[in-house]
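All remarks here apply to the structure that follows.
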Amino acid sequence: MSPAPTSEDDPGRVVLLTTSHRVAPGLLSWPAWQALHAADRVLCADGAHPQLPYLREAGISVEEAAPTAEEIVDACAGGRTVVVVATGEGEPALTDGLARLAGTGRVHMPDLELLPASYDLPGARLLDLVQVMDRIRAECPWSSRQTHKGLAKYGIEEAYELVEAIEEGDRDELREELGDVLLQVVFHARIAEEHPEEPFSVDDVAGGIVAKLIHRHPHVFGEETADTPEDVKAHWLRTKAEEKRRSSVTEGVPLGQPALALAAKLASRVRTAGLEVPLPAGEGVGYELLVLAARAEAAGVDPEAALRAAARAYREAIRNAEAGPAEA
């Protein structure tokens, strides 16, 4: 009969504690705090780790050390628990070393547990973007000299590239172009922080659109109801009118947008407001296009997108003509 195992035979446990730098230091999960308080030793290779002051304030003794896999196995022997507070890069040397030891089959290995102590919330990577933009603005010779006016053309270009990615159905391209558009927002907000009299930040930008969305969706955040997309649009237009208090339905329609889109937008404003405004009579292709744009808008067709689709078909026809007849 084999003797009963003793505590000396227990290989113990290694807990690899991971945290997110996007969450305020000290905001750890309850299982993480339990593991830290119950540990026989707590180790961290990075003496400047942002969590360390909060762990020590909570009475956790943390040793600044980067032990090898062999040293960790020895430290856990006898049923002890060692918590390793992972650095930002994780602990690849340690975990690779433990895997190597386990692969030999000659070492009684401790249990290895990965314990996420804090998690990224949705949108957390936006914090990284803001930090990167801060550094680029401060250190890049080109970015540090940019202005709102100087960047304006890039905003237009990126918006067109986003539309093209959507129309092409290329999801990898779509993700990239969305990032490029997002960069424009963060870049402009970073420049705006430096205004001497009326500065604002990306948080102000986000706060403003959050407040607007909540106010314009009373069927989601308030007491009103909306059962159809038409109901939602009616809510949106009503709350928008209350906010803007415009003297004309044409206010807020940018004249710098493509002409077909401009014509369709004006026709949409007239139709939504219930106005009877005949299209101006005139000679030439411009007035003919105005009629077509208004007709498309009334039929629920985006004339700008429709013309782009036709232009893409024309482009393919040109390329086919340039290539010549196909070989038999």
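The values are calculated or read from the model by the stated rules, or taken from the named source; none is laboratory data. Bear in mind that the values here come from a model prediction, so they are computed numbers and not experimental data. Note that each Cβ is placed from the backbone with ideal geometry, even for glycine, and that neighbours are counted across all protein chains shown. Ligands, DNA and RNA are excluded from the accessible area calculation, which covers all protein heavy atoms including side chains. Shrake-Rupley method; radii C 1.70, N 1.55, O 1.52, S 1.80 Å.
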Residues that are under 20 Å from Y160 (Cβ atoms) and assigned to a helix (DSSP H, G or I): does segment 268-281 have at least one? no
Just checking, which of R308, R312, R269 is on the phi < 0 side of the Ramachandran plot, open to solvent by less than 60 Å² (accessible area, probe 1.4 Å), basic (K, R) and within 33 Å of the chain's Cα centre (by Cα)? R269
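Would you be able to tell me the number of residues in segment 232-260 that are assigned to a helix (DSSP H, G or I) and small (G, A, S)? Quick ask: steps written out before the conclusion?
The initial filter retains those residues of segment 232-260 that are assigned to a helix (DSSP H, G or I), namely 232-244, 259-260.
Those left that are additionally small (G, A, S): 234, 241, 259.
Adding up the residues that qualify gives 3.
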Scan (1) within 18 Å of Y119 (Cα to Cα); (2) open to solvent by 80 Å² or more (accessible area, probe 1.4 Å); (3) in a helix (DSSP H, G or I) for the single condition L36 breaks and write down its number. (2)
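If I ask for residues that are of a type in the set (D, E, K, R) and either out of contact with any Gly (no Cβ under 9 Å at 6 or more places or on another chain) or under 15 Å from E297 (Cα atoms) (or both), which ones from segment 241-281 would you list? Break it down into steps so the answer makes sense when it comes.
Step one: list which residues in segment 241-281 are of a type in the set (D, E, K, R), which gives 242-246, 251, 265, 269, 271, 276.
E242, E243, R245, E251, K265, R269, R271, E276, listed by residue number.
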Can you name the residue in segment 119-133 that is open to solvent by 80 Å² or more (accessible area, probe 1.4 Å) and closer than 20 Å to T18 by Cβ and is also modelled with the highest pLDDT among such residues? Q131
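Just to be sure before I move on: is A211 open to solvent by 50 Å² or more (accessible area, probe 1.4 Å), farther than 16 Å from L129 by Cβ and part of a helix (DSSP H, G or I) in the structure I sent?
yes
What about A263, is it exposed (fewer than 13 other Cβ atoms within 10 Å of the Cβ), part of a helix (DSSP H, G or I) and modelled with pLDDT of 85 or more? Explain how you work it out, then say what you get.
Values: exposed (fewer than 13 other Cβ atoms within 10 Å of the Cβ): no; part of a helix (DSSP H, G or I): yes; modelled with pLDDT of 85 or more: yes.
No, not satisfied.
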If we ask which residues in segment 134-168 are open to solvent by 90 Å² or more (accessible area, probe 1.4 Å) and among the aliphatic types (A, V, I, L, M), their number turns out to be 2
Residue match in segment 223-230 (condition: at pLDDT 85 or above, over 29 Å from L126 (Cα atoms) and assigned to a helix (DSSP H, G or I)): yes
Matching residues in segment 193-208 - criterion: being within 21 Å of G123 (Cα to Cα) and open to solvent by 80 Å² or more (accessible area, probe 1.4 Å): F200, D203, D204
Of all residues being within 35 Å of the chain's Cα centre (by Cα) and open to solvent by 40 Å² or more (accessible area, probe 1.4 Å) in segment 59-78, which is modelled with the lowest pLDDT? Just the residue, please. A66
Cβ pairs under 7 Å, 6+ apart, first in segment 234-249 and under 14 Å from P218 (Cα atoms), second of a type in the set (D, E): H235/E224
Restricting attention to segment 296-328, report how many residues are in contact with a Pro (Cβ under 9 Å, 6 or more places away or on another chain) and over 15 Å from A259 (Cα atoms). 0
Every residue from segment 39-58 that is open to solvent by 50 Å² or more (accessible area, probe 1.4 Å) and farther than 23 Å from D120 by Cα: D40, R41, R56, E57
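Any chance segment 87-97 includes a residue that's more than 34 Å from the chain's Cα centre (by Cα), surrounded by 12 or more Cβ atoms within 10 Å (Cβ to Cβ) and in contact (Cβ under 8 Å) with a residue 12 or more places away in the chain?
Step one: filter segment 87-97 for residues more than 34 Å from the chain's Cα centre (by Cα), giving 97.
Checking which are surrounded by 12 or more Cβ atoms within 10 Å (Cβ to Cβ) leaves us with 97.
Checking the rest, the ones that are also in contact (Cβ under 8 Å) with a residue 12 or more places away in the chain come to 97.
Yes, because at least one residue in segment 87-97 is more than 34 Å from the chain's Cα centre (by Cα), surrounded by 12 or more Cβ atoms within 10 Å (Cβ to Cβ) and in contact (Cβ under 8 Å) with a residue 12 or more places away in the chain.
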Looking at G300, is it at pLDDT below 90, loosely packed, with under 10 Cβ neighbours inside 10 Å and on the phi > 0 side of the Ramachandran plot? no
